[in-house]
1. For a protection proxy built on the mean count of beta-carbon atoms within 10 angstrom, sort 321-329, 107-115 highest first, please.
2. Ala41: net charge of surrounding residues, Cβ under 12 Å, Lys/Arg +1, Asp/Glu -1, itself excluded?
3. Restricting to segment 43-271, what percent of DSSP beta bridges are antiparallel, rounded to 5?
4. Determine, from the Cβ-Cβ distance of His252 and Thr361 and an R0 of 51 Å, the FRET efficiency 1/(1 + (r/R0)^6), rounded to the nearest 0.05.
5. Where in segment 29-80 are there chymotrypsin sites (Phe, Trp or Tyr not before Pro) that are in a DSSP coil and have at most 14 other Cβ atoms within 10 angstrom of their Cβ?
6. Can you list the lysines whose alpha carbon is less than 24 Å from that of Lys151, not counting same-chain residues fewer than 8 positions off?
7. Can you give the Rg to Rh ratio of segment 36-168, both from alpha-carbon atoms, with Rh computed by the Kirkwood formula?
8. Output the peptides 186-192, 149-155 sorted from most to least packed, where packing is the average of other Cβ atoms within 10 Å over each peptide's residues.
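Since every read-out is calculated from the coordinates, none of them should be taken as a lab result. Every value quoted in this text rests on a predicted model; they were computed, and no experiment measured them. With ideal geometry, Cβ positions are generated from the backbone for all residues, glycine too; neighbour counts draw on all protein chains shown.
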Amino acid sequence: MVSERARQVELSGIRKMFEAAPPNSINLGLGEPDFEPPKEAIEEMVRAVRGGLNHYGPSAGIPALREKIADGYRDRDPSITRDNVVVTGSASEGLMAAALALYDPGDEVLVPDPGFVLYSPHARLVGAVPVPYSLTEAHRYLPDLGELEQKITPKTRAIVVNSPSNPTGAVFPRSVVDRICALADRHELTIVSDEVYERIVYGAPATSFWGRSDRVVVANSFSKTLAATGWRIGFLVAPRSLAVELNKIHYHIMACPPTPTQVAVLAGLESSGDAIAEMVREFRARRGLVLRILRGIPGLDIVPPQGAFYAFPRFSWPKSATEVATAVLARGVITTPGDAFGSLGASHLRISFAASRPNLTRGLGILREYAEEIAGR
Ligand SMILES: Cc1ncc(COP(=O)(O)O)c(C=O)c1O
């Protein structure tokens, strides 16, 4: 009764962890900011719904929002217009539309390991073959260009990149972005660049792939930037001819993005500078706290995250990530086992800082007790 393609994908390991959590657990597993959208966005959402904006809109999104999004990329690309932008119902939908528009059955797609949970399933769902490339601690979780080149075959169609990265927190320096672009140009690959955490960085600003090669599709979202994950709104930026194709697929998935949400995020974008800066300030403080505690836990090693809101420590205990996450869960702390993000996450936990400072302190204290027990102290 069920298609072969449906049988090939599973619900993500992250969701499974939440479902097994005891009541009142401390949640260090959240993949969404524990903030609310800017108040101007919320007010506009209410106004839109009450004012009758409850109907279909243009498939590629309302022109004012597409223009506002294009404006955000103009410093990198003076020629960008709203015709390069398709407003989607989240980055998740945008990434799926990109997979449908770009990959044919049998194509190979380079995907990060560890990497966000949708890239491989999306490739599989369209009949393509995900080919993992490694992100290792030894390279500070940056792609190894030599390895990437080795993995390219005549069937390789695209490379998926994610900076700032979930789960590693790596932010690619401009030199790495340019080298990936040069590689893609040389081998005629499309770069699918997931930039949903672009505004959440702790050092230099993140370098967008947009404007650095003509072969780039950017997937982005308002979920993290405006703390509006439940609004399901995002966008794709692509060369104009490809944007037409992406919009066609997006139309067949969802007809159009939700109308009230679009006017709400537009209001949010116009007013949100301070709200984003404040959220990042708090994430920065929590990052400092998390790093301090994790560095004191025996058996853990950590590369400090430069972006997003996750720490991705590696443990040297003779246990699987699921065993560790399950043991910690039994003590009332939700974390995400690193292998939910690929085989190279096998000795890692992902700790989200989308939790209050007291909860981070208590939750990581429980992780420390567990580590000390293993170390036999
Ligand atoms: C790297 C990455 N890309 C995309 C998404 C999905 O974003 P959206 O809420 O827009 O679907 C997430 C959500 O956790 C993410 O971490």
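1. Ranked by mean Cβ neighbours within 10 Å, highest first: 107-115, 321-329.
2. Net local charge, Ala41 excluded: -3.
3. Around 30 percent antiparallel, to the nearest 5.
4. Efficiency, from the Cβ-Cβ distance: 0.60.
5. Tyr56
6. Straight-distance partners of Lys151: none at all.
7. When Rh is taken as the Kirkwood radius, the ratio is 1.06.
8. Taking the mean over residues of other Cβ atoms within 10 Å, the ranking is 186-192, 149-155.
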